[in-house]
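Below is one structure, written out as C-alpha cells; comments come after it.
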Amino acid sequence: MLDFLKGVRVVSFNHFLLGPMGMQILGDLGADVISIENAEGAWQRHWSGGDIWHDGQSVLHLCANRNKRSVAIDLKSPKGRDLALRLIDTADVVAENFRPGVMEKLGLGYAALKARRPMLIYASASGYGPDGPYADKPGQDLLAQALFGMMAITGQAATGPRPAGASVIDHHGSALFAMGILAAIVRQQRTGQGCRVDASLMQAALDLQAESLVAWANAPVRPPVTQAFRHVAGWYYAAPYGVYATKDGYLVLSLSPLKVLAEILGEPRLGEFNEKDSWSRQDEITELIAERLKTATTGEWGARMGSKIWHAPVQDYAQIVEDPQVRHMKSLVRVPGGGDTGAPLTLVNHPVLYDGEAAEVRLPPQQLGAQTEEVLKEIGLGDAEIMALADAKVVKLRNR
C-alpha cells in the first residue's frame, strides 16, 4: 500500500472527469480523499460512456473515483454548509471544479476559506482559468479540443477537424491538477503556508501540444495550415511517421530511414528521396509506402522489419487486454466492486510504480453516501444528530 500522502486529508467538491480523476491520483498515493456530493449524486453518476453500466454504477464514475470516501451533503442548506466547513477544518486540501463563482455562492470560496484556515491548499480546476473573457463559458473536453488546436492538428484535409478518440484533455488536466496540489503540499509541509492552485482544460490542451505549438510559433515562416497529412501523424512530422493499412490490419512506422525502408519494402523509388524530401514531400513518399504495405499482412511486415525499422501493429482494446506487457505491468486490475452486488470490475491501474510497487485499490468506487455516517462521526456528530440530519435531507446515508 502506498503511503506517500498518509495523513493528508483532501475534501473534494469535484464532478465530471478532470477533477475526480485528479483526486483519485492523490487517493492512490495514500491521501484520505473525502468526496462530497449532493443527495442526487454528482453528474458522473448519471451519465456513462457507451451507455455502459456496471452493477448499478456509471463507468464514468468507476474510472475516476477509487480510493475515496463518499459523503452526501446538501450544500445549499445552512446546516449542510456548516457540516462542510467542519470537514474543511480538518483538511489539508480543498479541491473543486465548479464554474468560477459557484463555491463563493455556497460560502466556500477561496477568500472565505483562506481567512478561516490560512494554511489550507485551495485547488480549483475550471474550463479556462479563474478569470478572463472565457471564465463564465461552459468548459468541457470536446469544447477545449475545438477551441485550442487539438482538433485542427488531428484532422486531415479530407476529413476536416477530428477530435481525439478519448477525453485526452480531461485526462491530462487531471494529472496537472494533481501535480499542482502535490507541489503545494510539499511547501505546506515545509513552511505551513497555504496556496491557491488553479488548473484548467485550456492550459491542459495547450500543454499537450507543446511540441507542435513551439514548432509552429518559432517557424521562420509559419505554416498556413496545421492539418495532418494523409498518412503522416501530424503536420510537423517527416515521412514515413504515420499509420498505414496492411492486408489484414494497420501498421505504424516511426522514425525510419527511407533507404532501409525502400530495401525492406522492395520499393526502390523510396531510396531516391533524401532527408530534406521527407519534410516537404510527405504525401508522395507515403503513397509509395502505403501501396506496398497493402500487399502483405501486419505480421509478415513486422517479421521483415525486425529491429531495423521502428514499427508497431495498431491494437484494439481486445488485443490490449491480452498484451503480455500490459499483463506484466498489471496495467489493468480486477478488483471487488462497490456496486449493488459487489460484482468485480476492471480498472486502469495507477500509472506509476514506486520502488517497483503499484498503488492498491483500497476502496473501489463507492455508492453515494457510503461513508457519510463514518465521516460525520469523525468530526464529532453522534448517532441521533446524524439520523436527524438524514431525516431533514441535509445528508444522505447509504441505502437510506
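The values are calculated or read from the model by the stated rules, or taken from the named source; none is laboratory data. Quick caveat: nothing in here was measured; it's all calculated off a predicted structure. Here the Cβ is made from the backbone with ideal geometry for all residues, glycine too, and neighbour counts use every protein chain on show. When the accessible area is computed, the model is the full protein with side chains, heavy atoms only, and any ligands, DNA or RNA have been set aside. Shrake-Rupley method; radii C 1.70, N 1.55, O 1.52, S 1.80 Å.
Listed values, structure above:
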{"item": "Contact order relative to length of the chain, as percent, for alpha carbon pairs under 8 angstrom and 6 or more apart", "result": "18"}
{"item": "Directionally averaged shadow of the stretch 80-137, computed from the convex hull of its alpha-carbon atoms, nm²", "result": "3.9"}
{"item": "Cβ-derived FRET efficiency at R0 22 Å, Met179 paired with Met119, nearest 0.05", "result": "0.65"}
{"item": "With every protein chain in place, the stretch 91-137: carbon and sulfur % of accessible area (1.4 Å)", "result": "54"}
{"item": "Amide H within-cut-off set for His350, under 5 Å, with H built and near neighbours excluded", "result": "Ala359"}
{"item": "Centre separation in Å (Cα based) which lies between the stretch 191-256 and the stretch 340-356", "result": "29"}
{"item": "Accessible heavy-atom area order of Trp216, Trp235, highest first, probe of 1.4 Å", "result": "Trp216, Trp235"}
{"item": "The stretch 335-381, relative contact order [Cα under 8 Å, separation at least 6], %", "result": "34"}
{"item": "Residues of the stretch 22-66: accessible area per residue with a 1.4 Å probe, Å²", "result": "34"}
{"item": "Relative counts (whole %) of C-alpha pair distances in the stretch 178-252, using bins that are 5 Å wide", "result": "3, 12, 13, 13, 12, 10, 10, 9, 7, 6, 3, 1, 0"}
{"item": "Rg and Dmax of the stretch 326-398, Cα atoms only, in Å", "result": "17.3, 51"}
{"item": "Amide H within-cut-off set for Ala312, under 5 Å, with H built and near neighbours excluded", "result": "Val252"}
{"item": "For the stretch 1-144: lysine pairs under 16 Å (alpha-carbon distance), excluding those fewer than 8 apart on one chain", "result": "4"}
{"item": "Reciprocal of mean inverse Cα separation for the chain (Kirkwood radius, Å)", "result": "23.9"}
{"item": "For the stretch 100-255, projected area of the alpha-carbon convex hull averaged over all directions, nm²", "result": "13.2"}
{"item": "Size of the stretch 37-143 as Cα extents on the principal axes (Å, biggest first)", "result": "44, 34, 24"}
